[in-house]
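Colleague: Quick one: the structure is below, and I'll ask about it shortly.
The values are calculated or read from the model by the stated rules, or taken from the named source; none is laboratory data. Note that the structure is predicted; figures quoted are calculated from it, not measured. In this analysis, Cβ positions are derived from the backbone assuming ideal geometry, glycine residues included, and neighbour counts consider all displayed protein chains. Each accessible area value is taken on the protein alone, full model and side chains, heavy atoms only, with ligands, DNA and RNA left out. Shrake-Rupley method; radii C 1.70, N 1.55, O 1.52, S 1.80 Å.
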Amino acid sequence: MVKPAFSHVTQWVFDLDNTLYPPHMRLFDQIEVLMTDYVMRAIGVDQAEADRLRTHYWCEYGTTLAGLMAEHGLDPDPYLHAVHQVDMSHMDPDADLADHIRALPGRRIVYTNGSAPYAERVLEARGLSGLFDAIYGVEHAGYRPKPEKAAFEAIFEQDGIQAEKAAMFEDDPRNLEAPHEMGMRTVHVAPDPHDADHIHHHTDDLTAFLARLR
């Protein structure tokens, strides 16, 4: 009985990494390597310390970038450009996913903690270009990352999202807490479920889940 739970939804918000493509494509593995390299060069630490800091900043601030900005005054734009120079040649288009996204009634957007230009490249590689009304990166939230509620508020204000009419699809359970609090329908997209009150639905197959909404 999934479809009735979304009968009120006319605004659809999708995360990007490990949501609009499956984790086995391992795109974020490349990003993590590039982030570690950037941290090493930016603040002059070895690889082990850069890896530790990257994880620490992700846990403490929501993203590695947010930690670097807070603790080292890092300029975000060169960082965002550098860490998203990844190879996407192994990524396959998903015509079925495209068809189901196209069938969703109302407004559809992508909101990622990555950059908008990177998101556009991913969508092109997945055959999803032209399906979304807007694409928002962390830069559109003033570099504030999900899971900060203020980041969601900034994006939703820009786009005119009404939380009570919206649904959020996201692989990181932390990033569904604020949308739930705001009144959105929440969907955790990940191989394994995460038991929490702020998660309404779980799926390990976004394409199959969206097919149930038609």
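Colleague: In nm, to one decimal, how far is the Glu164 label point from the Ala196 one, both placed 7 Å along Cα→Cβ?
Modeller: In this crude spin-label approximation the distance works out to 2.5 nm.
Colleague: Before anything else, pin down the relative contact order of the chain: Cα pairs under 8 Å, at least 6 apart, normalised by residue count, whole percent.
Modeller: Taking the mean separation of contacting Cα pairs over the length of the chain, I get 25 percent.
Colleague: Further question: Return the whole-Å distance between the Cα centroid of segment 133-209 and the Cα centroid of segment 41-80.
Modeller: One Cα centre to the other: 24 Å.
Colleague: Around Arg26, under 12 Å between beta carbons, what's the net of Lys plus Arg minus Asp minus Glu among the other residues?
Modeller: Taking every other residue near Arg26 into account, the sum is -4.
Colleague: For every helix of n ≥ 4 consecutive DSSP H residues, a contribution of -39,500 (n - 2.57) applies; sum these over the chain, divide by its total residues, and give [θ] at 222 nm rounded to the nearest 500 deg cm²/dmol.
Modeller: Mean residue ellipticity, 222 nm, calculated: -12500 deg cm²/dmol.
Colleague: Counting only protein heavy atoms, what percent of the accessible surface of segment 130-214 is carbon or sulfur at a 1.4 Å probe?
Modeller: C and S atoms contribute 41 percent here.
Colleague: Roughly how many nanometres apart are two label points built 7 Å out from the Cα toward the Cβ at Asp204 and Ala82?
Modeller: Modelled inter-label distance: 3.7 nm.
Colleague: Glu120 to Asp29: extension gain in nm, 0.36 nm per residue of separation minus the Cα-Cα distance?
Modeller: Between Glu120 and Asp29, full extension yields 30.9 nm more.
Colleague: Among Asp99, Asp195, Asp51, which one shows the biggest mean-square fluctuation in a GNM of the chain, springs joining Cα atoms closer than 10 Å?
Modeller: Most flexible of the set in this elastic network: Asp195.
Colleague: Of the accessible area of segment 1-73, with the probe set at 1.4 angstrom, what percent is carbon plus sulfur?
Modeller: Within segment 1-73, the accessible surface is 55 percent carbon and sulfur.
Colleague: Would you mind getting the accessible area per residue of the chain, heavy atoms of the protein chains only, 1.4 Å probe, in Å²?
Modeller: Here the per-residue accessible area is 46 Å².
Colleague: Tell me the net charge near Ala95. Cut-off is 13 Å between Cβ atoms, Ala95 excluded, with +1 for each Lys or Arg and -1 for each Asp or Glu.
Modeller: Combined, the nearby Lys, Arg, Asp and Glu give -2.
Colleague: Still on this structure, I have one more. So what's Rg/Rh here for segment 1-97, counting alpha carbon atoms and using the Kirkwood radius for Rh?
Modeller: Checking Rg against Rh, the ratio lands at 1.10.
Colleague: Right, next: Mind checking the alpha-carbon convex hull of segment 139-214 and giving the volume per residue in Å³?
Modeller: 97 Å³
Colleague: Continuing with this model, one more query. Kirkwood Rh, the chain, all Cα pairs: how many Å?
Modeller: Kirkwood hydrodynamic radius for the chain: 17.6 Å.
Colleague: Still on this structure, please answer the following. Measuring from a point 7 Å past the Cα of Asp96 along Cα-to-C-beta, which residues in segment 179-205 have an amide N at less than 15 Å?
Modeller: Correct set: 204-205.
Colleague: Under a straight-distance cross-link criterion of Cα-Cα below 14 Å, which aspartates and glutamates are reachable from Lys149, leaving out those fewer than 8 residues away in the same chain?
Modeller: The reachable aspartates and glutamates, counting only those whose Cα sits under 14 Å from Lys149, are Glu157, Glu177, Glu181.
Colleague: List the lysines whose Cα lies under 25 Å from the Cα of Lys3, skipping any in the same chain that are fewer than 8 positions away.
Modeller: Within the straight-line cut-off, Lys3 pairs with Lys165.
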